[in-house]
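A short write-up of the structure that comes next.
The values are calculated or read from the model by the stated rules, or taken from the named source; none is laboratory data. None of the values given here were measured: they were computed from a predicted structure. Please note: Cβ atoms are built from the backbone with ideal geometry, for glycine as well, and neighbour counts cover all protein chains shown. All accessible areas refer to the heavy atoms of the entire protein, side chains included, with ligands and DNA or RNA removed. Shrake-Rupley method; radii C 1.70, N 1.55, O 1.52, S 1.80 Å.
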Amino acid sequence: MIRAALRHLAGLVISVVIVLAVSFALMHAVPGGPFDAERGLHPEIEANLARAYHLDWPVWKQFLQYIGPFNLGPDGWLGTGADRFGGVLALDFGPSLRHRDYDVADILAASLPVSFQLGALALAWSVPLGILLGTLAAARAGTWLDALLRVLTTTGIVLPGFVIASLSLLVFAFAWPLFPVAGWSSLRHMVLPAFALGAPCATYVARLTRSGVLENLQLDFVRTAKGKGLGRGAVIWRHALRSALLPVVAYLGPASAAILTGSLVVEKIFFLPGAGTHFVNSALNRDYTLALGVTLVYTVLVFCLNALADLLASFLDPRVGGRQES
Amino acid sequence: MTLLEVRNLRLRFDTKDGPLQVLDEISFKLEAGETLAMVGESGSGKSLTALTLMGLLPPGAIIETGEVLLEGRNLLTLSARQWRSVRGRELAMVYQDANSALHPLLTVGEQLAEAILAHRKESPSEVRKACASALGEVGISAPEARLDAYPHELSGGMRQRVVIAMALLARPKVLIADEPTTAVDVTMQAQILELLEHLRAKYSMAVLLVTHDLGVVARAAQKVAVVYAGRTVELATTKELFQTPLHPYSVGLLRSAPSEAAQSMASVLAASPSQGPTQSPSQAPARLFSIPGMAPSPARMPVGCAFHPRCPFEVARCSRERPELKAWRVEVPSNMHTGLVTATSRRAACFEQERVAAAAVASRTGWHELEQLWLAKMEPRT
Amino acid sequence: MAASIPARFGRRLAPSVALLGVATVGLLVVNLPRLERADFVFVNGAEVTSLDPQAALGVPEQRIARALFECLVERAPDGLEILPAAAQSHTQSADKLEYRFQLREQARWSNGEPVLASDFEASFRRMLDPATQSPFAAQLDVVVGAKAYRTGPALAGEAADQAWSKVEIRASGPLELTMRLEYPRVDFLHLLACPQMAPVHVASLKRLQQDEPSKWRRLWNRPEHLVTNGAFVLVERRLNERLRLARSSTYWDSANVGMASIDALSLDSFGTALNLYLTGEADWLDGNVPPLLVPTLLERKDYQRRPYLGTYFLRVNTTRPPWNDARLRKALSLTIDRRSICNNLLRAGQRPTWSLVPWNMLGEPMRETDYGKDVVEAFGLLREAGYRGEGAKRLPALEIHFNSSEVHRDIAEAVAADWKKTMQLDCVLVNQEWKVYLDSQKRLDYDISRSSWIADMPDALNFLEIMVTGSENNRTGWSDPEYDAKIEAARRELDLQARKRLLTEALDILNAQTPVLPVYAYVTQDLMRPELQGFSTNLINDQNPKHWRWKSGARPKGQRGLVGSSTAEKATRPPKAP
């Protein structure tokens, strides 16, 4: 267990370094800069801005400056330029170039909770429901219920998030005004976004569960369970479903990553100040520091979520890890 | 009343390519306290019969005719709910592969407990005590501790014992053991068989032992049902079968048993005061015999007797008519005594029983001739 | 060996615990202080880049700056004349070079301190200081010494004061501010009315700078630190969500401020904004309505459109032959069927324009529009240039650059179709991401590039200035000394008639040379509660939240649902030219 965790950690460090270096290079390679706008800036002012954010430096130097508290300015290794920001190693992501009144850390601190909440709510309803529906479909395989659920899950996978969001808005905010159309000030505001965000996950979990349960129903241990005189319910829910859950748990890693990174559309439609927006907009705005900060955090998050799901899955499976000496 | 009787069980699968007749008149009787072995090649329908008895048929299986009478009650007419009270409580099964028969994510204790709780309510502590004692009974040491183990933490033999313990927990009247020894090694095999025998005696259960291994039959069963291509072809006591098989397939089976099985057979025969072994194990042919030809697939069942394409005793009517499984009054010459063996309780489905019996008896001194007969049969075809 | 009991229980419970944990995170995170609905909620577009008025580049920023800060003077909400604001009066010297502003005695900062002339002086000084990086610093170049100060070396202490003493922005009394210009400018007061000319409280800024040397830049715009002199104070700021403003109790004219609280939503998705408006959660939204929605909205009486000082145009890269030939550029311009673009594509009342200066600002006569005639004229120009008739050269294919957006694509397609139809000119549409598009435009790496210009001052000069040689907004490679001279003269011309004449002549040069192909003049598109009053209707849509008020004194209740929906009579008011 501990070794697995350490292995994950090493992988994380390597991924972060690679992701940072590649993103940094890419960000600076694409044309356009953070201060380009339809209304052009006076050249002297543009130069002032570039100088203030060290954008006039070569990219490698900017990268070093970004990574660590190395002061590479003309004023020496530990001069005044160091107060700009301390570098990622000092857990300082610097100031945002677009949101001039904020540090990247402020922005992350303000927006990540929203994304977390949204993602958590989406997972909290979609995974149990997906498991429930998937098991029901498997239990009633071949019946109209199964067919109906299959249609539902296929739709859920095929429909893009914004269509689900718009449809749910039409139905539950306009035709039948149960929920507010947008905004972020109460739990009620989160219902539709969590629904729209979780729907693909629910359908995927349902499919995963259905095929897992169906597969398990063919297995010997299910026959054993029936042979004991257990009812159909106990056989399906206790025996067939239990081992079908392992792949579902393993899928939670990628699923939560997809939910976190895929929240942009939902955040936009429902006007939620989450991090998904920054994930995309920072790149569009050439807000180098914010884009890198968000990328870094997402890398770590996605990595951790995957590792967590992995660890949970292997913890749930007694056959993995604690192998006996006998 | 007979404890368990299977009468003319016919079962088919409807597939895209048409119906598959997989069971075609399976019949046998099992009395309380006895062990009946159902023998046959793999694919002959033994396991399917066992599953029919448990009501665990795979989807798509259609029972055409037949009755499964447990103490006179036809199980095939039970509703799903009624089945649940029969399964485990009156009929319990020991599965072939204990490894896959146990749920990998549930502890031994949890799986055992279900066998009790499926049929009656009991307090957790009582259940746990019962489970532990069941484990103890099947010869697992430190049973309390094993309750919290997962199946993968146990050895193969132990797992098989767990499966047996699980089957015993609800004190069934009939224990169906489906190839209980195939997955374990030889020494374990003997122990498991002894255990089954011990438990059968202790709880006076009836045991239906499904096996392809005549050695196992010899060791554990009082009676035998020989199954070929989904059909009971011979019913006999173990001793009778080994002494004078009446169906050519039985002859072939006996002959093809490996030497170790032959040893067991010899010991069975030795146990009989009237019959002495005439063939010591050392005389057994070094070369393993196997019945030439292939067991027919349910999709292409031969007309008449299903065995006739492989049968050295084939006569003309064999490929036209199907011999009934019925009691024949056969008189068979014994090689030791000139007197006749009368086999009244026996049934076999063969027109040429007498010839078969005679040949089988004769083969005890010279197996060679019978083998020649077989070879002669097969040669023109190959 | 046997699994330990805790592990077994852990396994049993882990999924439920995990799920419960996830659900708890989902339910617990919302613990924001609940905000009561503001008196007035409007959709402000993308999140403001900064609350610093001296960095307030875009329309959303300027609206907020207007609410929080007060300039020396302001524009009338329903017109363009200059009204007193932070300065209760001002005088100009006879030579129109010196301005004296008398500040209000009762004016207070939000921290209670009086608004003094020295605050304005410090604030202008901050704006000109290179360290501030204000994008507007150059706008004060007309002030004596300003350009030298803003382009000079960064100085500190005594030397800085020394340098500043050469800039003619001076607190000549506690409440008197004097500014002296290099040359007279007729639009100087309009410039001072722009939100970027509002003062910031430099004293508190300096204090913060000392207390938080590394973080002050980010901190001083927080509600707890920001000191303002406008009608509203900042109560709360939620990034990418909303700015909550409240009526400032220290504002000198607080009694006449209509709204007790205002929410500015940082929202740039029109669909979401519309949803909020339709359900009564927003009271005003403006901006670019997707053309698809225009016909639907036209049936609503709360969908209002007015002329807006903005021009949609195409830049031509005049450094690339054969487009360095003005005749060909003119032909490009003449063959664009603007009427069709406005009527069939945009449909919200946008007006075709053949001039960079929209809405006939210079009083020039309305152009007679006859596309057929224009095309014939274009043919003539092409023939003259040798691209039509016997032995005609073939026009090379053109790349039309536009930034990713449905409307821009539609317009580019329409233009390309016109050119193909009339001149057999092949066009390649190049859809570029915003910053890439800006970059290729800046580097003159295009043939035709979609552009627009929104005036920040109601003045034709504001449009014409961008085409001056060397202007950072020129981006066409076009240069004409005569044009530059006329613009420079117009800048200094005090006589309005003469100035207009100069500008008209410059415009004529521009029209003849056609480095840009004007397409249409903008309209504002507002969805607004009919009960709102004090809403600015001037040409540059310069909203001053101070004047907003509800007709009945309070926000009308029961707004949820489709207010003023399709049953309302069709809005038939077409935007009128001024």
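A few comments on the model shown:
- B:Ala145 within 14 Å of chain C (Cβ to nearest Cβ) and open to solvent by less than 20 Å² (accessible area, probe 1.4 Å): no
- Residues that are more than 8 Å from every other protein chain (Cβ to nearest Cβ) and over 19 Å from B:Ala101 (Cβ atoms) were ranked within the stretch A:213-245; the one that is most open to solvent (accessible area, probe 1.4 Å) is A:Trp237.
- In the stretch C:106-149, of all residues being more than 13 Å from C:Ser165 (Cα to Cα), open to solvent by 40 Å² or more (accessible area, probe 1.4 Å) and among the hydrophobic types (A, V, I, L, M, F, W, C), the one that is modelled with the highest pLDDT corresponds to C:Leu116.
- Filtered by the rule that a residue be at positive phi and surrounded by 19 or more Cβ atoms within 10 Å (Cβ to Cβ), the stretch B:175-218 gives a lone residue, B:Glu179.
- Among the conditions (1) modelled with pLDDT of 80 or more; (2) buried (at least 16 other Cβ atoms within 10 Å of the Cβ), the only one that A:Phe85 does not satisfy is (1).
- Screening A:Ile18, A:Ile2 for residues that are farther than 24 Å from A:Leu296 by Cα and more than 9 Å from chain C (Cβ to nearest Cβ) leaves exactly one candidate, A:Ile2.
Residues are listed down the side, and each one gets a yes or a no for (1) in contact with a Pro (Cβ under 9 Å, 6 or more places away or on another chain); (2) at pLDDT 85 or above; (3) more than 22 Å from B:Phe313 (Cα to Cα):
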site: B:Ala221; (1), (2), (3): no, yes, yes
site: B:Leu241; (1), (2), (3): no, no, no
site: B:Pro245; (1), (2), (3): no, no, no
site: B:Ala261; (1), (2), (3): no, no, yes
site: B:Ala286; (1), (2), (3): no, no, yes
site: B:Phe289; (1), (2), (3): no, no, no
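- Selection from the stretch C:409-421 of residues that are crowded, with 20+ Cβ neighbours inside 10 Å and either of a type outside the set (Gly, Ala, Ser) or within 14 Å of chain A (Cβ to nearest Cβ) (or both): C:Ile411, C:Val415, C:Asp418, C:Trp419
- Looking only at residues of the stretch C:101-140 that are among the acidic types (Asp, Glu) and closer than 24 Å to C:Ala246 by Cα, we find that the one that is nearest to the chain's Cα centre (by Cα) is C:Asp119.
- Among the residues of the stretch B:61-82, not a single one is out of contact with any Pro (no Cβ under 6 Å at 6 or more places or on another chain), part of a loop (DSSP other than H, G, I, E, B), in the same structural domain as B:Leu208 (by TED's automatic domain parsing) and under 20 Å from B:Asp178 (Cβ atoms).
- Selection from the stretch C:508-557 of residues that are over 23 Å from C:Ser254 (Cα atoms), acidic (Asp, Glu) and surrounded by 18 or more Cβ atoms within 10 Å (Cβ to Cβ): C:Asp526
- Residue in the stretch C:37-47 that is polar (S, T, N, Q), within 26 Å of A:Trp184 (Cβ to Cβ) and modelled with pLDDT under 70 present: no
- Residue list for the stretch C:113-148, restricted to those being within 11 Å of chain A (Cβ to nearest Cβ) and farther than 16 Å from C:Ala160 by Cα: C:Gln133, C:Ser134, C:Pro135, C:Phe136, C:Ala137, C:Ala138, C:Gln139, C:Asp141
- Meets criteria (more than 14 Å from every other protein chain (Cβ to nearest Cβ), farther than 24 Å from B:Glu41 by Cα and buried (at least 16 other Cβ atoms within 10 Å of the Cβ)) for B:Arg159: no
Yes/no matrix, rows are residues, columns are (1) farther than 20 Å from A:Gly229 by Cβ; (2) touching a residue at least 60 places away in the same chain (Cβ under 8 Å); (3) assigned to a helix (DSSP H, G or I); (4) more than 12 Å from chain A (Cβ to nearest Cβ):
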position	(1), (2), (3), (4)
B:Ser85	no, no, yes, no
B:Arg89	no, yes, no, no
B:Met93	no, yes, no, no
B:Ala113	no, no, yes, no
B:Glu122	no, no, no, yes
B:Arg128	no, no, yes, yes
B:Ala149	yes, no, no, no
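- Being buried (at least 22 other Cβ atoms within 10 Å of the Cβ), in the same structural domain as B:Ser204 (by TED's automatic domain parsing) and within 21 Å of A:Gly233 (Cβ to Cβ) holds for only one residue in B:Glu114, B:Glu110, and it is B:Glu114.
- Applying the criterion of being closer than 25 Å to A:Leu9 by Cβ and more than 11 Å from every other protein chain (Cβ to nearest Cβ) to the residues of the stretch A:260-290, the residue that is surrounded by the fewest Cβ atoms within 10 Å (Cβ to Cβ) is A:Thr261.
- Against the test of being more than 30 Å from B:Ala113 (Cβ to Cβ) and not β-branched (Val, Ile, Thr), the options A:Ala240, A:Ala234, A:Ala225, A:Ala175 yield a single qualifying residue, A:Ala175.
- With a requirement of 3 or more residues that are away from chain A (no Cβ under 14 Å), the helices (runs of 4 or more DSSP H) lying completely within the stretch C:163-258 that satisfy it span C:188-192, C:202-211.
- Filter result (β-branched (Val, Ile, Thr) and within 30 Å of C:Ala460 (Cα to Cα)) within the stretch C:191-240: C:Val200
- Screening A:Ala173 on (1) within 26 Å of the chain's Cα centre (by Cα); (2) farther than 30 Å from A:Gly212 by Cα; (3) modelled with pLDDT of 85 or more; (4) open to solvent by less than 50 Å² (accessible area, probe 1.4 Å) shows it passes everything except condition (1).
- Some residue of the stretch C:283-306 being in a helix (DSSP H, G or I), of a type outside the set (A, V, I, L, M), facing chain A (nearest Cβ under 10 Å) and in contact (Cβ under 8 Å) with a residue 24 or more places away in the chain: no
- Residue match in the stretch A:293-315 (condition: more than 11 Å from chain C (Cβ to nearest Cβ), part of a loop (DSSP other than H, G, I, E, B) and farther than 23 Å from B:Ala101 by Cα): no
- Summed over the stretch C:486-507, the residues that are of a type outside the set (D, E, K, R) and loosely packed, with under 15 Cβ neighbours inside 10 Å give a count of 4.
- Counting the residues of the stretch C:298-352 that are among the aliphatic types (A, V, I, L, M) and either under 24 Å from the mean Cα position of the chain (by Cα) or open to solvent by 20 Å² or more (accessible area, probe 1.4 Å) (or both) gives 9.
- The lone exception for C:Tyr522 - which of (1) among the hydroxyl-bearing types (Ser, Thr, Tyr); (2) touching a residue at least 40 places away in the same chain (Cβ under 8 Å); (3) under 23 Å from C:Ala397 (Cα atoms) it fails: (3)
- Flag not set for C:Asp526, criterion: assigned to a loop (DSSP other than H, G, I, E, B) and of a type in the set (D, E, K, R).
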